[in-house]
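Report on the following structure.
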Amino acid sequence: MVIYGYLGSYIAIHHKIIFDARIPWDAYFSFDNKSIVMTGGSFERHPLSYYFFNWIRELALLFSDGKMDGNFRFALAWFSNLAVSLSVLQVFKYLKNIIGLPLILSLLLILFFGSFSTTILLSFTPENFTYTLFLLTFFNHYSAIKLKKEEKIPTLALALSGITIGGLTVTNIIKVFIPVAFEKGLFKSWKKFENAVFRGIFTCICFILLYLNRIDFKYQNIFSKTNEQYEKFSNVKSTPTWDMILSYFFGGNMLFSNFILRDKNNMKGYEYKGIVMDVYSSWVPYYFIAVLLALIFWSYLKNFKNKLVQVLMISFLFDIGIHCIMRFGLHTSYIYGGHFAFVYPLLLGWLFYSYKESPKMLSFLAVIFCILFSYLLTNNYLRMNEFFWFLNQYY
C-alpha cells in the first residue's frame, strides 16, 4: 500500500493522465479511464459495472467537493491502490495458508507478483480489471479454503461471487463454477450433484435477471453489441499471432515491453498523445516468458492430481481460449492481466511445495526464480522511467 500509494498519489497530484474529462480512452496502454469512471464501460462486456462505478465516482466526488480535479484523481488512485494491495494480500494468504509455504518464499513470490506490469498499472488505474483482480484473488482463496476443508460453497456465496465477478467482466462468471466441479463426492452422489446444479442455476438466474434489468430487457442488444465488439477486437493483422500471444498475453502482464507513442483524437476535436506497448525487441524477454511458462507447466504436471491446482489451471486455460484461440483483444491482452496474472505466483508456489523434501531441487528452483525476479525488477523499473518521461512531456 505504501509503494503503490506513493506511486498513485504522485501521478494523481502532478499529472492528469488518471482522469482527464477530455480524454475518453487510450491515453495509456488502452485503458478507458474516463469512460469506465463515468459509465462503467460497455454493458455487453461489463454488464453491472455501471452501478459499481457510480459508487466509486460519487465517493471520489465527495472527497473532491464535487470537482473532477487533482483530489478527484487522488481518490480514484487510492481506490485502485486498495483493491490491488488487497489482491496481493489474498495471494499471500493463499501461499501461506493454503499451500503452506515458508514465510520467506511467500514474501518473495508476492514481491514478484507485486512487480508485474499489470499490478503496477492497475494500482493507480480506475478500471474494471483493477477490481476484477481483487474479486478473483479473493474468490480463489475462499474457494480453496472450502475445497481444502472438503466443504461446498454455499448458494448465496456462489451467487454473490457470480454477480460481482461476472458483473464486472461477463466471461469471468464461468470461473466461479470451476471450484464447484471439484467438490468432494460431487459425481458419486446424486444428492450432491443436484445441489450443485441448483446452486449453479440459482446463480445464473440472479445474474441474468440483473443483467436484463440493466438493459431494460432488450436482450437483442446483447448479441448485436457482442458481435460488434468481437469483430472490432479480434481482427488485427499487423503483428504475427505468435508474437502477440507471447508479447501481449503471456508477457505483457508481467514485463513491460517497448513503448510506442500514437496520435489520438477524442472525436470532438481534441488531440492528445497515447502510449501503447509494442512486441519485445530483444530475445531476453522471450526467454523469460519461455522459462516461466516451463515452470508453470512443470508445476501443473507435478501437481496434476491436486484439485486446487486443477482449478487454477482450468481458469487460466479459459483465458487462453478467449484471447489466444478466439483472438478476442489479443493485440491489447496485456490489459486483461487482472483476470489471470495471479495464477503465476500461485502455481510457482505449488511447484516449490512439491519439492519441499528435496533441498537440491528447491535450491535449483530458487536460483532460477531469483534470476527471473531480478530481470523483472530491472526491466520494469527502466520502463516505468520511460512512462514518467511520457507523463512529464504530455500530461
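Just a few scattered comments:
- Here the residues W55, W78, W25, ranked from fewest to most Cβ neighbours within 10 Å of their Cβ, fall in the order W55, W25, W78.
- For GluC sites (Glu not before Pro), the sites in the stretch 105-188 that DSSP calls loop and that have at most 10 other Cβ atoms within 10 Å are E150.
- The stretch 228-375, Rg to Rh (Cα coordinates; Rh as Kirkwood inverse mean 1/r): 1.05
- S374-L86 FRET efficiency (beta carbon distance; Förster radius 35 Å; 0.05 resolution): 0.85
- Taking the number of Cβ atoms within 10 Å of each Cβ as an exposure proxy, the fewest-first ranking of F129, F193, F177 is F193, F177, F129.
- When you filter the chymotrypsin sites (Phe, Trp or Tyr not before Pro) in the stretch 236-308 for DSSP loop state and at most 14 other Cβ atoms inside 10 Å of their Cβ, you are left with Y270, F304.
- Top positive-direction residue, dipole computed over the chain with Cβ charges, set Q90, Y300, A196: A196
- With the charge dipole of the chain set up from +1 on Lys and Arg Cβ and -1 on Asp and Glu Cβ about the Cα centre, the Cα lying farthest toward the positive end among the listed residues I120, I205, G166 is that of I205.
- Order of K356, K188, K175, K93 - criterion: other Cβ atoms within 10 Å of each residue's Cβ, fewest first: K188, K356, K93, K175
- Antiparallel bridge percentage (DSSP; both residues within the chain; nearest 5): 90
- Computed on the chain, with alpha-carbon pairs under 8 angstrom and 6+ residues apart, the relative contact order is 21 percent.
- Simple spin-label estimate for N258 and L317 in nanometres, 7 Å along Cα-Cβ: 3.5
- Within a straight-line Cα-Cα reach of under 28 Å, K264 can be paired with the following lysines, leaving aside sequence neighbours fewer than 8 residues apart in one chain: K16, K34, K67, K225, K232, K237, K273.
- Counting only lysines at least 8 places from K307 when in the same chain, those with an alpha carbon closer than 17 Å to its own are K146, K148, K149, K152, K175, K184, K188.
- Measure of compaction for the stretch 265-339 (Cα Rg per 2.2 N^0.38 Å): 1.53
- Our helix-only sum for the chain, with -39,500 (n - 2.57) per DSSP H run of n ≥ 4 divided by its residues, gives a mean residue ellipticity at 222 nm of -20000 deg cm²/dmol.
- Listed residues Q90, Q220, Q310, most fluctuating in the chain (Gaussian network, C-alpha, under 10 Å): Q220
- Projected label points at D243 and D278, each 7 Å from Cα along the beta carbon direction, are separated by 1.0 nanometres.
- Hull shadow area, averaged, the stretch 144-228 [alpha-carbon convex hull, nm²]: 6.2
- Among the chymotrypsin sites (Phe, Trp or Tyr not before Pro) found in the stretch 353-383, not one is both in a DSSP coil and sparsely packed, with 14 or fewer other Cβ atoms within 10 Å of its Cβ.
- Cross-link partners of K191 among aspartates and glutamates, defined as those whose alpha carbon lies under 20 angstrom from its own and excluding same-chain residues fewer than eight positions apart: E150, E151, E183.
- Each distinct pair of alpha carbons in the stretch 2-394 adds a 1/r term; the inverse of their mean, the Kirkwood radius, is 21.9 Å.
- Average Cα contact separation per residue, the stretch 139-210, under 8 Å, 6 or more apart, as relative contact order %: 39
- Modelled label reach - W389, point 7 Å along Cα→Cβ, the stretch 250-265 residues with backbone N closer than 15 Å: 257-262
Computed from the coordinates by the stated procedures, all read-outs in this text should not be read as laboratory data. Just so it is clear, the structure is predicted and the values come from calculations on it, not from any experiment. Counting neighbours? That spans all protein chains shown, and the Cβs are built from the backbone with ideal geometry, glycine included.
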